[in-house]
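K.L.:
Got a structure here, written out as structure tokens. Questions coming.
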Amino acid sequence: MLTFVLRGGRIFDGEDFSYGDIRVEAGKIAAIGRCFCDDAAVFDVSGCIVSAGLVDIHTHFSVTGTKEFGFPPDLATIPFGVTAAADAAAVTADRPYLDRLSVRSAVFVPLHFTDGRPDFAATAATVAAFGDRAVGVKLYFDAEMFAGIGPELLTAFSEFARERGLILMVHSAHSPVPMTDIVTRMHAGDILTHAYHGGRYTMADDDFAAYAAARKKGIL
């Protein structure tokens, strides 16, 4: 396997930037800094950012991207440095479709509704059909999307996720309750999205009290 050096790039390690070389041997990073290259091919990456593959935890590539716009997920991710992505609205268990993608993919299965009522059995069936691709479940906690939605459902769905070892993602735009009430029903490692939606009950209320509570609990 080729040994090579990426020379002069701006290196991003997930938190900080630095400048230097990266030596790769047998497909793995062997050294970072000022690297010798007598036995290696050298690629000048000056002016470029060098990073491990990025992870996009909130996409809609199976519905919005592919079915509505016909845009292949691989083209919307890999050219921009994203090598792993999670579809945050995977309703139908099209596991073979995901297996054909080059980008590493995972899904958050949204809570199914049948005749306007939450259907936990149907949601569990979709989770099972996706297998290990299902890393989490998603609740659209949005009063404009679902009339009468309340905190009891959030609590129940949170327990549904925990029983299965899944991450809970909560879409909080147009929440029927203050953001702090949402945070109290979530757990460490869960994800709160659309928290700064500009409407009623946002993360900015109460001097960012919900933000402080989320950070303390380890909610992303």
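The values are calculated or read from the model by the stated rules, or taken from the named source; none is laboratory data. Treat the numbers as computed from the prediction; the structure is a model and nothing was measured. Neighbour counts run over all protein chains shown; Cβ positions are idealised from the backbone, glycine included. For accessibility, only protein heavy atoms count, side chains too; no ligands or nucleic acids. Shrake-Rupley method; radii C 1.70, N 1.55, O 1.52, S 1.80 Å.
K.L.:
Which residues, counting only those in segment 106-163, are touching a Lys or Arg at 6+ places or on another chain (Cβ under 9 Å) and hydroxyl-bearing (S, T, Y)?
P.N.:
If the condition is that a residue be touching a Lys or Arg at 6+ places or on another chain (Cβ under 9 Å) and hydroxyl-bearing (S, T, Y), then T155, S158 are the ones that fit.
K.L.:
Sticking with this structure for a sec: Any idea which of V177, V107 is under 15 Å from the mean Cα position of the chain (by Cα) and either of a type in the set (A, V, I, L, M) or under 30 Å from P79 (Cα atoms) (or both)?
P.N.:
Going through V177, V107 in turn, just one is under 15 Å from the mean Cα position of the chain (by Cα) and either of a type in the set (A, V, I, L, M) or under 30 Å from P79 (Cα atoms) (or both): V107.
K.L.:
Kindly state which strands (runs of 3 or more DSSP E) lie completely within segment 94-202 and contain at least 1 residues that are in contact with a Phe, Trp or Tyr (Cβ under 8 Å, 6 or more places away or on another chain) and over 25 Å from G70 (Cα atoms).
P.N.:
Here the list reads 112-114, 117-119, 134-140, 167-171.
K.L.:
Right, here's the next one. So which residues in segment 9-59 are under 30 Å from P73 (Cβ atoms) and not in a strand (DSSP E or B), if there are any at all? Don't jump to the end; show me each part of the working.
P.N.:
Initial filter on segment 9-59 (under 30 Å from P73 (Cβ atoms)): 9-17, 22, 24, 26-29, 43, 45, 47-59.
Passing the criteria: D13, G14, E15, D16, A26, G27, V45, G47, C48, A52, G53.
K.L.:
Regarding segment 138-150, can at least one residue be identified that is in contact with a Pro (Cβ under 9 Å, 6 or more places away or on another chain), of a type in the set (S, T, Y) and within 17 Å of T193 (Cβ to Cβ)?
P.N.:
Yes: one or more hits.
K.L.:
Regarding A213, is this residue over 27 Å from D94 (Cβ atoms), in a loop (DSSP other than H, G, I, E, B) and free of Cβ contacts under 8 Å to residues at least 60 places away in the same chain?
P.N.:
no
K.L.:
Another question, then. Residues of segment 19-64 being under 30 Å from V91 (Cα atoms), of a type in the set (V, I, T) and open to solvent by 70 Å² or more (accessible area, probe 1.4 Å), which ones?
P.N.:
V55, I57
K.L.:
Restricting the first residue to segment 84-104 and requiring it to be on the phi < 0 side of the Ramachandran plot and surrounded by fewer than 19 Cβ atoms within 10 Å (Cβ to Cβ), which pairs with a second residue that is part of a helix (DSSP H, G or I) and not aromatic (F, W, Y) meet a Cβ separation below 6 Å and a spacing of at least six or different chains?
P.N.:
L101/P73; L101/D74; S102/D74
K.L.:
If you don't mind, there's one more thing I want to ask. Output the qualifying pairs, or none if there are none: Cβ atoms under 6 angstrom, residues six or more apart or on different chains, first residue in segment 24-53 and more than 22 Å from V82 (Cα to Cα), second residue open to solvent by less than 90 Å² (accessible area, probe 1.4 Å) and among the aromatic types (F, W, Y).
P.N.:
If the second residue must be open to solvent by less than 90 Å² (accessible area, probe 1.4 Å) and among the aromatic types (F, W, Y), the pairs left are A40/F4; A41/F4.
K.L.:
Within segment 144-185, can you find the residues that are under 16 Å from A89 (Cα atoms), surrounded by 13 or more Cβ atoms within 10 Å (Cβ to Cβ) and aliphatic (A, V, I, L, M)?
P.N.:
A161, L166, I167, L168, M169, V170, A173, listed by residue number.
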